[in-house]
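Below is one structure, written out as structure tokens; comments come after it.
The values are calculated or read from the model by the stated rules, or taken from the named source; none is laboratory data. Being a predicted model, the structure only gives us computed values, none of them experimental. Cβ placement follows ideal geometry from the backbone for every residue including glycine, while neighbour counts extend to all protein chains displayed. Side chains are part of the model used for accessible areas, which takes the heavy atoms of the whole protein and leaves out ligands, DNA and RNA. Shrake-Rupley method; radii C 1.70, N 1.55, O 1.52, S 1.80 Å.
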Amino acid sequence: MKFSTLAVLAATMSSAAAEVFFKEQFNDETWKKTWTESTKWRAAAEMGKWEHTAGEWYSDVEDKGIKTSEDARFYGLSAAMSKPFTSAEGKDLVIQYSVKHEQDLDCGGAYLKLMPGGKKFDSASFGGDTGYSVMFGPDICGSSNKKTHVILHSNEKDENLLIKKEVPTESDNMTHLYTLVVKSDNTFEVFVDNKSVRAGKLEDEFDFMLPKEIKDPDASKPTDWVDNAKMPDPEDKKPAGYDDITPEIADPDATKPADWDDEDDGEWEAPMLDNPEFQGEWKPTMIDNPDYQGKWVHPMVPNPEYKYDETMYAVCKDGCTHVGFELWQVKTGTLFDDIIVTDSLEEAQAFAKETFEAKKDAEKAMYDKIQDEKKANEPDMDDMGGMGGMGDMDGMDGMDDMDGMYDEF
């Protein structure tokens, strides 16, 4: 992106104390020196190639990103951050980047990962089994499974925790901006296109801690507890002869055929029909149980093992040093751009204003123009005159002469 002097000055003043730990705009070939492909993750035949392009519609052909380019392939790519981000009190973590699905994505991920590792990080082997601290971004598979992943590492549990409530995502063909903020006050917020789509306390939306309450281990359901809401009506009795009614009866209208021979055909029996008077197994009418006490609820008691984790936000406790994409896509054509990792939401928003906000309208205009041209070039069925466009069918009469051909076989 090209920054105006005033915009840069304004951004600098509004976020003077902010630190930027990583920023990537992919506008020239130097991105290849920053990023390393995962050549040891899977066989080369399974790995897709990254294309450096502005895409099929854009605001500026020189404003490029990186795009998945081969269907049904894995994609692995990672880069060392400019400097490590280490979680600390009073220090927020902000991850932001843009995603554009040009291919009507049917199944595939488009999420970004933040990893520890430092100098020991194996970029060539980076893949699905590589440990990470944050996984964030859209994931789509089918029409019903569309979400934005938010997965954070718990130091207390030493595991990665999925957000409990699904976060919405965008699935159209335009560029969309995804922003995650993990705050040091143990809250978080997710933005899509600079609009908040989910926010809350880490303890409420993730299982960072054991439950505050547990079922009382000393309590049990009383043996005389009545939890049946209904009971058989003691006044309801089975009618006399009810069990004598059979499920089937012989067809009363059937008669023995005149040519039936008992010696040759055996004894004749009328065919059976469903008995219209048969009502199935008799069951008494159910009535409200006057002794019903409701469903027994196990009493809860404070969990003696519960303790509040003051450092839930510290997903990068030992320092996050790398960012990366580790993806599988069935149908490719997703373009990534404008990545920033910082400790200031204001810094990320200023960056978004100079990138995402500055180019989205021109991109949409070009996209609409392309779609309009496609529609204009589509054949008009009305102009084809329906089936009349197939011409005179009289010539099909000649097909009658082919009848003789079949006589030869």
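Worth a mention:
- Subset of the range 68-101 (residues that are open to solvent by 20 Å² or more (accessible area, probe 1.4 Å) and charged (D, E, K, R)): GLU70, ASP71, ARG73, LYS83, GLU89, LYS91, ASP92
- Residue within the range 292-312 that is more than 30 Å from GLY48 (Cβ to Cβ), exposed (fewer than 10 other Cβ atoms within 10 Å of the Cβ) and without any contact (Cβ under 8 Å) to a residue 40 or more places away in the chain present: yes
- Residue check for GLY333: in contact (Cβ under 8 Å) with a residue 24 or more places away in the chain, out of contact with any helix residue (DSSP H, G or I) (no Cβ under 6 Å at 6 or more places or on another chain), closer than 30 Å to MET231 by Cβ and among the small types (Gly, Ala, Ser): no
- Close pairs from the range 142-154: first closer than 17 Å to PRO116 by Cα, partner polar (S, T, N, Q), Cβ under 6 Å, at least 6 apart: ILE151/ASN160; HIS153/SER133; HIS153/ASN160
- Any hit, the range 228-242, residues being at pLDDT below 95 and touching a Leu at 6+ places or on another chain (Cβ under 6 Å): no
- Residue in the range 187-200 that is nearest to CYS316 (Cα to Cα), counting only those that are among the hydrophobic types (A, V, I, L, M, F, W, C) and open to solvent by 40 Å² or more (accessible area, probe 1.4 Å): ALA199
- LEU161 meets the stated requirement of being in contact with a His (Cβ under 9 Å, 6 or more places away or on another chain) and within 20 Å of TYR306 (Cα to Cα).
- Flag for TYR111 being at pLDDT 95 or above and under 14 Å from GLY324 (Cα atoms): yes
- Count of the range 142-186 residues which are in a strand (DSSP E or B) and open to solvent by less than 60 Å² (accessible area, probe 1.4 Å): 19
- Selection count where residues are more than 23 Å from GLU62 (Cα to Cα) and open to solvent by 70 Å² or more (accessible area, probe 1.4 Å), scope the range 343-372: 2
- Residue in the range 113-130 that is crowded, with 23+ Cβ neighbours inside 10 Å, in contact (Cβ under 8 Å) with a residue 24 or more places away in the chain and polar (S, T, N, Q) present: no
- Residues being at pLDDT below 95 and in a strand (DSSP E or B) - total across the range 39-90: 1
- Residue match in the range 215-235 (condition: acidic (Asp, Glu), within 56 Å of the chain's Cα centre (by Cα), under 30 Å from ASN303 (Cα atoms) and open to solvent by 60 Å² or more (accessible area, probe 1.4 Å)): yes
- In this entry, ALA17 is excluded by the filter for residues that are part of a helix (DSSP H, G or I), small (Gly, Ala, Ser) and open to solvent by 20 Å² or more (accessible area, probe 1.4 Å).
- Flag for PHE325 being closer than 22 Å to GLU62 by Cα, touching a strand residue (DSSP E or B) at 6+ places or on another chain (Cβ under 8 Å) and open to solvent by less than 30 Å² (accessible area, probe 1.4 Å): no
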